[in-house]
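Asks: Okay, here's the structure, questions in a sec.
Read the figures in this text as sums done on the coordinates, not as results from a lab. Being a predicted model, the structure only gives us computed values, none of them experimental. Counting neighbours? That spans all protein chains shown, and the Cβs are built from the backbone with ideal geometry, glycine included.
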Amino acid sequence: MKIKYELIKKSNETKARTGILHTNHGSFKTPMFMPVGTLANVKTLTAEELKAINCGVILANTYHLWLRPGENIVALAGGLHKFMNYDGPILTDSGGFQVFSLAKKKDITEEGVHFKSHIDGSKLFLTPELSIGIQNKLDSDIAMSFDECPPFPVTREYMTDSVDRTLRWALRGKNVHDNHHQSLFGIVQGGEYADLRRYSALKTVEIGFDGYAIGGTSVGEGKDTMYNMIDYAIDYLPTSKVRYLMGVGDPIDIIEGVIRGVDMFDCVLPTRLARHGNAFTKKGKINIRNAKYKDDFEALDECDCYTCKNYSRAYIRHLIICNETLGGRLLSIHNIRFLIKMTEDIRDAIASDNLLAYKEKFIKEYKNSIV
RNA sequence: GGAGGGAUAGCGAAGUGGUUAAACGCGGCAGACUGUAAAUCUGUUCCUUCGGGUUCGAUGGUUCAAAUCCAUCUUCCUCCA
């Protein structure tokens, strides 16, 4: 069975909407935030802990799992869900972003991308067919098209070629996609160019996918530019399909994305910040390493997560300062829960047509407070 | 009692006449992080009214110039009695 997006309610004050995405591994409400679990694990967390956080779907990575342990091992295990002991929905990213982020020397051709392994420097060649083939074997619920994620900024000429190439790659991927219970998403590119975003959206929809992503975001373009990137494309995506903004996870960006009509987000931010000693709180992001938390025995935030119910700032600070793994774990649990809870509140706000008021209140508290 | 080796910024440790307010590491204090080559990276860490001031166990000396050379003292470590 392919996924099915069920639209529940459209906001009457913004482009936001609530919905439910039905998958073979359960349904989840949207808007939703997806924690990133690149190597078939959300760093430091177990499947049980992710469940307890109430996260609806997680993301894993094609490129990384291709290299280690290899898609055949995952297939032998019975697919990604069994391999990693996670029975909820899983989305796999195509590896397009890895070509952008870790290959300093890459050769992008019509056929695919030549680049070097980040592990041993060996020569690799990734194509749309290969990426989709790997994802078929990984057996995630949602596969992503293999796209080119250009850096920012890039000339209009380059972006024009890139958008067309990504479209051809999307079609090639769709043509070889062979997993009847895995869905496939197309990715809209086009950088900061309004007409190219529109074109990319229209053409991607023309090919036809089970859901649509907006990519090429969060590559250093700045917030306003990123919001524009959404605006330029979103109206050309069908309301009957789910929309996913790739790589975005700053709390305020999530609200701005939802207001613009986005249903799904993913980001390494909550887990990476956690391992680096930072916590999201309603009153802004805090760095738990700061000396002022030395004897602060309060919870991180007013929050229902395991961490906040059981541990103090002073204790977590101590763990982080001492480089104890538990510190990063506890902060990861909290940070993910913070974003998941945020999407729960956002859904409620959409349901009661209070999203703009929610946004105003959230931003006011988040930005203007000194914790 | 004798012989030898040390004493450098919060700690460890380079430096052995000028380019040294003094490498580097740790610790401390802050910052960054947006489809994870990130439990990583960056800045800062004697005082300052930012002009400068005071440092390398202590005191005295040699020199234009000393953490660096000399003398004495204090103190620590190792070995021999």
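Asks: Quick check on region A:288-371: take the gyration tensor over C-alpha atoms, sort the square-rooted eigenvalues as a ≥ b ≥ c, and tell me if it's rounded (a/c under 1.5), prolate or oblate. Don't skip to the answer; put the middle values down first.
Replies: Values: a/c = 3.10, a/b = 1.93, b/c = 1.60.
Prolate is the answer for region A:288-371, as a/c is 1.5 or above and a/b outweighs b/c.
Asks: On the Cα set of chain A, report Rg and Dmax in Å, please.
Replies: My reading of the Cα-based Rg and Dmax gives 20.1, 60 Å.
Asks: Continuing with this model, one more query. DSSP loop (so not H, G, I, E, B), at most 12 other Cβ within 10 Å: list which chymotrypsin sites (Phe, Trp or Tyr not before Pro) in region A:265-341 pass both filters. Walk me through the intermediate numbers first.
Replies: Values: sites: A:PHE265, A:PHE280, A:TYR293, A:PHE297, A:TYR306, A:TYR311, A:TYR315, A:PHE338; in loops: A:PHE280, A:PHE297, A:TYR311.
Listed in order of number, the matching sites are A:PHE297.
Asks: Check which residues have an amide H placed less than 5 Å from A:MET34's amide H, if you skip close sequence neighbours.
Replies: When sequence neighbours closer than 5 places are left aside, the close amide H contacts are A:PHE265, A:ASP266, A:CYS267.
Asks: Then there is this: For region A:123-158 and region A:311-371, write down the distance between their C-alpha centroids in whole Å.
Replies: First find each Cα centre; the distance between them is then 32 Å.
Asks: With a Förster radius of 22 Å, plug the Cβ-Cβ distance of A:ASP87 and A:ASP304 into 1/(1 + (r/R0)^6) and report the FRET value to the nearest 0.05.
Replies: My answer for the efficiency is 0.45.
Asks: For region A:343-354, in order, what is each residue's ³J(HN,Hα) by Karplus, 6.51 cos²θ - 1.76 cosθ + 1.60 with θ = phi - 60°, in whole Hz (x at glycine and Pro)?
Replies: Working through the residues one at a time gives 5, 5, 5, 5, 4, 4, 5, 5, 4, 9, 6, 10 Hz.
Asks: Still on this model: Taking amide H atoms as placed 1.01 Å from N in the peptide plane, list the residues 5 or more away in sequence, or in a different chain, whose amide H sits under 5 Å from that of A:ALA60.
Replies: Placed amide hydrogens put A:GLY37, A:LEU91, A:THR92, A:ASP93 under 5 Å from A:ALA60.
Asks: Additional query: Using the Cα centre of chain A as the reference point, and only Cβ charges (+1 on K/R, -1 on D/E), how large is the resulting charge dipole? Debye, rounded to the nearest 20. Don't skip to the end; give the middle numbers.
Replies: Numbers: 48 positive and 46 negative charges, 134 e Å.
Using only the charged Cβ atoms, the result is roughly 640 debye.
Asks: Can you tell me the relative contact order of chain A? Whole percent, Cα pairs under 8 Å, sequence separation 6 or more. Don't skip to the end; give the middle numbers.
Replies: Details: 773 pairs, mean separation 65.2, N = 371.
The value is 18 percent.
Asks: Something else about it: Using a Förster distance of 30 angstrom, determine the FRET efficiency expected from the C-beta separation of A:ASP107 and A:SER27, and round it to 0.05.
Replies: 0.10
Asks: Straight-line reach from A:LYS82: which lysines have a Cα under 20 Å away, not including same-chain ones fewer than 8 places off?
Replies: The reachable lysines, counting only those whose Cα sits under 20 Å from A:LYS82, are A:LYS2, A:LYS43, A:LYS51, A:LYS137.
Asks: Whole percent per 5 Å bin, from 0 to the bin with the longest distance: what is P(r) over all C-alpha pairs of region A:1-50?
Replies: The percentages, shortest bin first, are 5, 16, 18, 19, 18, 12, 8, 3, 0.
Asks: Cross-link candidates for A:LYS359: which aspartates and glutamates have Cα within less than 15 Å, leaving aside residues fewer than 8 places away along the same chain?
Replies: Counting by Cα, and skipping residues close in sequence, A:LYS359 has these aspartates and glutamates nearby: A:GLU13, A:ASP250, A:ASP253, A:GLU256, A:GLU344, A:ASP345, A:ASP348.
Asks: While we're looking at this one, here's another question. Per residue, how much space in cubic angstrom lies within the convex hull of the C-alpha atoms of region A:203-264? Walk me through the numbers before you get to the answer.
Replies: Working: hull volume 4.9 nm³, N = 62.
Taking only Cα atoms, region A:203-264 has a hull volume of 78 Å³ per residue.
Asks: Tell me the volume per residue, in Å³, of the convex hull enclosing the alpha carbons of region A:243-317. Write out the running numbers ahead of the final one.
Replies: On the way: hull volume 6.9 nm³, N = 75.
Considering the Cα atoms of region A:243-317, their hull volume per residue is 92 Å³.
Asks: Taking +1 at the Cβ of each Lys and Arg and -1 at the Cβ of each Asp and Glu, which of A:ASN179, A:GLY216, A:THR109 sits farthest along the dipole of region A:104-251 towards its positive end, judged by Cα position relative to the Cα centre?
Replies: A:THR109
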